[in-house]
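The values are calculated or read from the model by the stated rules, or taken from the named source; none is laboratory data. All values derive from a computational prediction rather than experimental measurement. Ideal geometry is used to build each Cβ from the backbone, glycine not excepted, and the neighbour counts take in all protein chains shown. Keep in mind that these areas ignore ligands, DNA and RNA; they rest on the heavy atoms of the full protein, side chains included. Shrake-Rupley method; radii C 1.70, N 1.55, O 1.52, S 1.80 Å.
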Amino acid sequence: MKFQLKALAVAAVLAAALPAQAAIDTTASGNGEFVLTVLDRSGSISALFDLGINYSEFNVSGTSFVNSGVTNQGTTFSWDLTSGDYAQAWSLLSASANFTNVVYGIAAGDNLGAPGVGSRGYISTYLPQNSTSLTTLALITSAGNIDTYTGANGANSGIVFQNHRDNPLGATAATPGGVENGGSVATTGAAYGNGLYGVTSKINGTGPTSLGAIGADLGVVQVVSGASSFATASQTVFGNGAKFNLSSNGILTYSTIAAVPEADTWAMMLLGLGFMGFVARRKQA
């Protein structure tokens, strides 16, 4: 395939500077790390980026962790995929993918329910169409498949570039560890993003639709387990307009609606502006 030959050629150039990186926390640990997937099915290419934040930092429901408060008004985070340890993976993806066909999604999971006896679950980007309820058993399977996908992005024949996992040959004095974040690019195998999301754009083919077009706002949903393996898992859509957005220039943002000032705050602001105008006029006089 012409694309794969081109991608492999670019990867050969990048490999010379390939650093060893810290491994991604898995859902099996009870506090999986958020990963961003950017996928072009028509070009058979996907990229995975480790966002450096964990499930507990975005938890809003269930009992595994205290509510994170990430849906509070005016919350904003951003990531620049064109810089740092993301840059090489983003550059390769941009050179090879057709962005009119590209979709993206974000996911993290807890497949342990720790600390204590808590709820297993996952958090992902969300589109309301074709959303179906998950059973607890399907949820656990989906969370496990997130681990399969992220693990494959450490060592898989379909990878043409990766820099966010531990050195596959082991740490040495020259490559003792890694940095916090990184990315990988894959064309086949379990590391290829279509393996996790499938043609339905749902994690493991079940639950809420999780992928959307580049530039589109995606809501955020958390799915947690029921009381037994046969129970229906509950879904909580993040409030205050919480959303992710990935632009075609590689900027990823998470934001909620900013708080609207109270009436007395507006009154104080207007009073202050009026006083400033009064002082200005006195100086002119």
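As for the range 158-173, it holds no residue that is of a type in the set (Asp, Glu), at pLDDT 95 or above and open to solvent by 40 Å² or more (accessible area, probe 1.4 Å).
Residue count for the range 50-76, restricted to those that are in a strand (DSSP E or B) and farther than 30 Å from THR187 by Cβ: 1. Being at pLDDT 95 or above, among the polar types (S, T, N, Q), in a loop (DSSP other than H, G, I, E, B) and open to solvent by 20 Å² or more (accessible area, probe 1.4 Å) is the filter here, so list the residues in the range 194-243 that pass it. Within the range 194-243, ASN240 is the sole residue that qualifies. Looking across the range 45-60, just one residue is over 11 Å from the mean Cα position of the chain (by Cα), of a type in the set (Ser, Thr, Tyr) and open to solvent by less than 20 Å² (accessible area, probe 1.4 Å), and that is SER46. Selection over the range 244-267 of residues that are open to solvent by 70 Å² or more (accessible area, probe 1.4 Å) and modelled with pLDDT of 65 or more gives a count of 4. Just need a number here: residues in the range 77-101 that are crowded, with 18+ Cβ neighbours inside 10 Å and either in contact with a Leu (Cβ under 7 Å, 6 or more places away or on another chain) or in a helix (DSSP H, G or I) (or both). Qualifying residue count, the range 77-101: 11.
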